[in-house]
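A.B. asks: Can you keep this structure in mind? I'll have questions shortly.
The values are calculated or read from the model by the stated rules, or taken from the named source; none is laboratory data. Only a predicted model underlies this, so the values are computations on that prediction, with no experimental measurement involved. A quick note on method: Cβ atoms are made from the backbone with ideal geometry, for glycine too, and the neighbour counts reach across all protein chains shown. In case anyone asks, the SASA skips ligands and DNA or RNA and just uses the protein heavy atoms, side chains included. Shrake-Rupley method; radii C 1.70, N 1.55, O 1.52, S 1.80 Å.
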Amino acid sequence: MEQYAIKGGNPLVGEVEIGGAKNAALPILAASVMTDETVYIENMPDVRDTNVLLCAMENIGVIVKRTDRHKVTLNASNISELVVEDENIKKIRASYYLIGALLGKYKHAEVALPGGCDIGCRAIDQHIKGFRALGADVKIEHGLIKTQAEHLRGSHIYMDVVSVGATINIMMAAVMAEGTTIIENSAKEPHVVDLANFLNSMGANIKGAGTDVIRIVGVEKLHKTEYSIIPDQIEAGTFMLAAIASKGDVVIHNCIPEHLDCLTAKILEMGGEVEESGDSIHVWCNSRPNKTNIKTSPYPGFPTDLQPQAGVVLAVADGTSIINESIWESRFQYTTELNNMGANITAQGKTAVFEGVDCLLGAPVYASDLRAGAALIIAGIIASGETQLFNLDHIDRGYENIEEKFRNLGANIKRVKE
Ligand code: EPU
């Protein structure tokens, strides 16, 4: 088992390069099975979730070739299996994207029920509702979601909740359905748009991605493409918040500033400075951050995936702040760890009250999920003394080389054997 040993106290200063978006890469990789021709993908993050998905795809017969660390070609012309149930795939959430993709192309898919971070109830009723509306039979049996259809037919689907995963899955299942599908109340996240752009580059006919009504006219087949995945909005936001928390000065390259508008607005409220230029964001802060209130909501609202990292800033802000988490009910587990570092946070249900303290003190802490892990790295970097951070496998799911990137900004962080 490995842990991070972090000696805190250095402000983060310098430049950092953001990688491809994990949450865009996962559906894009899955959607690559929808053509028999070869798909070439660039800017793919080398993180555990994408690697597990690629491995599961190889196990069903997809030919996967890594041309370098961030480039991959996929050919799914010889798929031998429509049942995906290897041990690892059960641990990732995005396994269920293979349902939409395989159902859309082969009208049949059986995929292990998804795992993922322990951040709250992760229902899939909206996915199932969408598949059924397109004409598929859906059953859950022996830990598998089994879907099958004679024909998939376009349908008008109103989503009861805004769901990234369900919007993506229904979009994939509908791409080759007969006729037109309309998804209302769809998610608008940048990765939903990226998947739509990817599918359109393969010959799909999807309009409206990025708004709350997506219209898909079914096509007969999809063809090869070359595609570059968008930069990771959450990785960029993590470094923005780390810069503010550490009273540092960081330039973040290869990001799309517009995807971070909501965070930029909060950072200005916290007393930080932000300057955007092309695909870079310069973030700095010279004084103790100000208190502010945050409510997470679907894009373009404040992302739940940046809530724990923002919580670290508020833990040391001047005054009392409130965070309301409206997406995942168990996403305040990191506050217990921050309290073990000297923070004064009271979390109950979907609300946490942060009484800002002057400083955090290094301590042994445990990552309960991916973004909690990122938040605790930031906490270790700003704390006085040494922090040992455990459960690194959560962090490895979604951040590539995170310790090296923080080290290049001046942090004293090492990965060591327990
Ligand atoms: N929901 C339902 N029914 C459904 C689907 C979702 O009630 O059928 C509810 C969920 O319980 C939740 C809300 O809708 O309360 C939003 O869930 P959503 O489906 O949007 O989340 P997801 O697709 O499972 C993705 C990201 C998460 C991110 C959320 C919200 C991936 C692989 N995961 O999850 O990312 O928090 O959207 O933006 O894209 C992370 O990267 O750390 C992470 C957890």
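A.B. asks: From the set of residues in segment 364-395 that are assigned to a loop (DSSP other than H, G, I, E, B) and over 16 Å from Gly311 (Cβ atoms), which is nearest to the ligand (Cβ to nearest atom)?
C.D. replies: Asn391
A.B. asks: Would you pick out the residues in segment 309-362 that are assigned to a loop (DSSP other than H, G, I, E, B), of a type in the set (Asp, Glu) and farther than 16 Å from Ile378 by Cα?
C.D. replies: Glu325, Glu329
A.B. asks: Could you run through segment 132-161 and say how many residues are closer than 25 Å to Glu184 by Cβ, over 26 Å from the mean Cα position of the chain (by Cα) and assigned to a loop (DSSP other than H, G, I, E, B)?
C.D. replies: The total comes to 8.
A.B. asks: On to the next question. Filter segment 163-218 down to residues that are among the polar types (S, T, N, Q) and under 19 Å from Ile327 (Cβ atoms) and give me whichever is nearest to the ligand (Cβ to nearest atom). Even if it seems obvious, please write down each step before you answer.
C.D. replies: Keep residues of segment 163-218 that are among the polar types (S, T, N, Q), which gives 163, 167, 169, 180-181, 185-186, 197, 200-201, 205, 211.
Applying the additional criterion that residues be under 19 Å from Ile327 (Cβ atoms) yields 163, 167, 169, 185-186.
Working: Ser163: 3, Thr167: 8, Asn169: 9, Asn185: 11, Ser186: 11 Å.
Here the residue is Ser163.
A.B. asks: Now, a different point. Considering only segment 384-396, I want to know if a residue exists there that is modelled with pLDDT of 95 or more and under 22 Å from Ile267 (Cα atoms).
C.D. replies: no
A.B. asks: Let me ask something else about it. How do the pairs read when you match residues in segment 224-253 that are among the polar types (S, T, N, Q) with residues anywhere that are assigned to a strand (DSSP E or B), using Cβ under 7 Å and keeping only pairs 6 or more apart or on different chains?
C.D. replies: Matching pairs, first to second residue: Thr225/Val39; Ser228/Glu42.
A.B. asks: Of Ile79, Ile28, Ile60, Ile18, which residue is more than 16 Å from the ligand (Cβ to nearest atom), β-branched (Val, Ile, Thr) and either under 25 Å from the mean Cα position of the chain (by Cα) or within 29 Å of Thr238 (Cα to Cα) (or both)?
C.D. replies: Testing whether each residue is more than 16 Å from the ligand (Cβ to nearest atom), β-branched (Val, Ile, Thr) and either under 25 Å from the mean Cα position of the chain (by Cα) or within 29 Å of Thr238 (Cα to Cα) (or both) leaves just Ile60.
A.B. asks: Taking the stated definitions as given, is Gly319 surrounded by fewer than 20 Cβ atoms within 10 Å (Cβ to Cβ), of a type outside the set (Ser, Thr, Tyr) and within 16 Å of the ligand (Cβ to nearest atom)?
C.D. replies: Values: surrounded by fewer than 20 Cβ atoms within 10 Å (Cβ to Cβ): yes; of a type outside the set (Ser, Thr, Tyr): yes; within 16 Å of the ligand (Cβ to nearest atom): no.
No: the conditions fail for Gly319.
A.B. asks: Residue by residue through segment 363-399, note down the ones that are β-branched (Val, Ile, Thr), closer than 18 Å to Gly237 by Cα and open to solvent by less than 10 Å² (accessible area, probe 1.4 Å).
C.D. replies: Within segment 363-399, Ile377, Ile378, Ile381, Ile395 qualify.
A.B. asks: Another question, if that's okay. What number goes with the only condition from (1) at pLDDT below 95; (2) open to solvent by less than 20 Å² (accessible area, probe 1.4 Å); (3) farther than 25 Å from Gly19 by Cα; (4) within 15 Å of the ligand (Cβ to nearest atom) that Leu113 does not pass?
C.D. replies: With respect to (1) at pLDDT below 95; (2) open to solvent by less than 20 Å² (accessible area, probe 1.4 Å); (3) farther than 25 Å from Gly19 by Cα; (4) within 15 Å of the ligand (Cβ to nearest atom), Leu113 is out only on (2).
A.B. asks: Going by what's in this entry, would Arg407 be described as in a strand (DSSP E or B), under 28 Å from Pro231 (Cβ atoms) and more than 15 Å from the ligand (Cβ to nearest atom)?
C.D. replies: So Arg407 does not fit the description; no.
A.B. asks: Which residues, counting only those in segment 273-290, are in contact (Cβ under 8 Å) with a residue 24 or more places away in the chain, assigned to a loop (DSSP other than H, G, I, E, B) and out of contact with any helix residue (DSSP H, G or I) (no Cβ under 7 Å at 6 or more places or on another chain)?
C.D. replies: If we filter segment 273-290 for residues that are in contact (Cβ under 8 Å) with a residue 24 or more places away in the chain, which is where we start, we get 274, 279-290.
Now drop any that are not assigned to a loop (DSSP other than H, G, I, E, B), which leaves 279, 285-289.
Passing the criteria: Asp279, Asn286, Ser287, Arg288.
A.B. asks: Hey, can you tell me all the residues within segment 349-362 that are at pLDDT 95 or above and surrounded by fewer than 15 Cβ atoms within 10 Å (Cβ to Cβ)?
C.D. replies: Thr351, Asp358
A.B. asks: Name the one entry in Pro308, Pro298 that is open to solvent by less than 10 Å² (accessible area, probe 1.4 Å), modelled with pLDDT of 95 or more and within 14 Å of the ligand (Cβ to nearest atom).
C.D. replies: Pro308
A.B. asks: If you don't mind, there's one more thing I want to ask. Taking Gly14, is it over 21 Å from His394 (Cα atoms) and assigned to a loop (DSSP other than H, G, I, E, B)?
C.D. replies: no
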